[in-house]
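Note sheet for the following structure.
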Amino acid sequence: MKQQKLSPLAEASTKLNLQPVNFQFDLPLLELMVQTKAEIEALSAQAGLKIIHHFLEEEITQRCGPHGQQVAYRHGSQPGYVVYAGRKVVIPKPRLRAKGGGELALASYHAFQQDGRMQRAVARKLTHQVSTRNYAAAIDDCLEGYGIQKSSVSRQWKAATAGELQKLCQRPVSPELAALLLDGQYFRRECLVVALGVDKEGRKHVLGLWHGATENSTLVKELLADLRERGLNTEATMLVVVDGAKALYKGVREVFGERALIQRCRVHKLRNVVEHLPLEKRAQAVWRLRGAWAKATPEAALKELRTCVKWLETISPSAARSLEEGLEETLTVSRLDLPEPLLRTFSSTNLIESCFARTEAWTRRVKRWRNGKMVLRWGAAALLFAEKGFRRVRGHDHMNQLIAALYQNESALAPMKKAA
């Protein structure tokens, strides 16, 4: 039978075997009639603190034991605090000493100071566009507390985002992925390499985040090795969508071999070609390349693309070389004979770019980006925040056709493996 996880409050109640507690309050009736909401909030806050105080006193009573048989003694109190309503609230902490001497820790007091409670409270506010400067004004003022100044909130947010980064880079990778997307994205002037997986039902999963560029062959090998160690099945045929970096292509081929059906991102390819052209030729190059990729068959598309290469040679040889490099790999999804929605989904790495686009609104409040480590923390928080709103990819109803095409490719490779 699966054990149910209890909250710190419920766990403390179970351990101490507490009886129901009745509290009586003198309600300021006239003020409640005039300002009901404010009084109820203040009353609820005070009730919460009284409940916390009762738990502490009850633990003291039980651990001391009956009169004449005490195993511990009360030892006055000292100033303490609990995390309550998104802030630290001062309370008197009762002290307990063992019969033989020495301070005894209170489990209930530690539970109400539990690590991560303040971090989660800060993270909830900041991910909803509350700045560290305005955190104090964004929480309810029904209780006096501390730990809500800009510097304190910044420390809590730093700890929370560090936890998000660790969570993202250590969680297991599903072995049931049908597609893997790898792309380098510039996030606040720092290049981050992002891995995104799409499973057989069309659901998206953020797999990892690394600081660096896809042109760095060492980084590429490390990130692919990390994904494999966390569960990525590199023995199965998979569609891998990458940007135009040669190091990324080489790394994927070394890890997957011929099992990887590599699709070069058409958006990156188009962007790279256009950057080499004079302004007056760019629009013409865009519609010619898009027209070539839109051809009914991959053979017709390849023929038109080679015609574009010859046309570009008369304008800019560097643009022609950029298009020619990896040209056939821009047609991988076309050769799989996928429906139009899936073809558009997997012909580029736009799925990764859309993740960062969702978080532009709340990262713009950051006034100073200190270093790459800070960018990594914020990038991880941004990706996990975006992941909560993920929908299945466009064309997910046709994922079975992609799976069938991958199985067909794997069957074609089987005789080659036996011969080897």
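Proximity of backbone amide H atoms, modeled 1.01 Å from N, is registered between ASP183 and VAL194 at under 5 Å, excluding neighbours fewer than 5 places apart on the same chain.
Using a 1.4 Å probe on the protein heavy atoms, what percent of the accessible area of region 298-397 belongs to carbon and sulfur?
Its accessible area is 45 percent carbon and sulfur atoms.
Note on region 231-261 and region 308-368: Cα centroid distance 17 Å, given to the nearest whole angstrom. Under 5 Å between amide hydrogens, built in the peptide plane, is the criterion, and for TYR81 it picks out ILE91 among residues at least 5 positions away or on other chains.
Here the 3J(HN,Hα) profile of region 70-77, calculated from phi with Karplus coefficients 6.51, -1.76 and 1.60 at θ = phi - 60°, is 5, 10, 8, 9, 5, 9, x, 8 Hz, Gly and Pro shown as x. A Förster radius of 22 Å combined with the Cβ-Cβ distance from GLN408 to VAL267 puts the calculated FRET efficiency at roughly 0.20.
Here the Karplus relation 6.51 cos²θ - 1.76 cosθ + 1.60, evaluated at θ = phi - 60°, turns the backbone of region 389-404 into coupling constants of x, 5, 10, 5, 5, 5, x, 4, 5, 9, 4, 4, 5, 5, 4, 4 Hz, with x for every Gly and Pro. Near the amide H of ALA178, within less than 5 Å, lie the amide hydrogens of VAL198, ASP199, LYS200, all on another chain or at least 5 residues away, with H placed in the peptide plane.
To the nearest 0.05, how large is the calculated FRET efficiency for GLN170 and GLU280 if R₀ is 56 Å and r is the Cβ-Cβ distance?
Details: r = 51 Å, r/R0 = 0.91.
The calculated FRET efficiency here is 0.65.
Accessible area per residue for region 243-314, computed on protein heavy atoms with a 1.4 Å probe, is 52 Å².
In order along region 181-191, the phi-based Karplus estimate (6.51 cos²θ - 1.76 cosθ + 1.60, θ = phi - 60°) of 3J(HN,Hα) comes to 10, 10, 7, x, 10, 7, 10, 6, 6, 10, 8 Hz; Gly and Pro are listed as x.
The values are calculated or read from the model by the stated rules, or taken from the named source; none is laboratory data. Here the structure is a predicted model, which is why all the values come from computation and not from measurement. Positions of Cβ are generated from backbone atoms using ideal geometry, with glycine treated the same way; all protein chains shown enter the neighbour counts. Remember, those area values only see protein heavy atoms, side chains included, never the ligands or the DNA or RNA. Shrake-Rupley method; radii C 1.70, N 1.55, O 1.52, S 1.80 Å.
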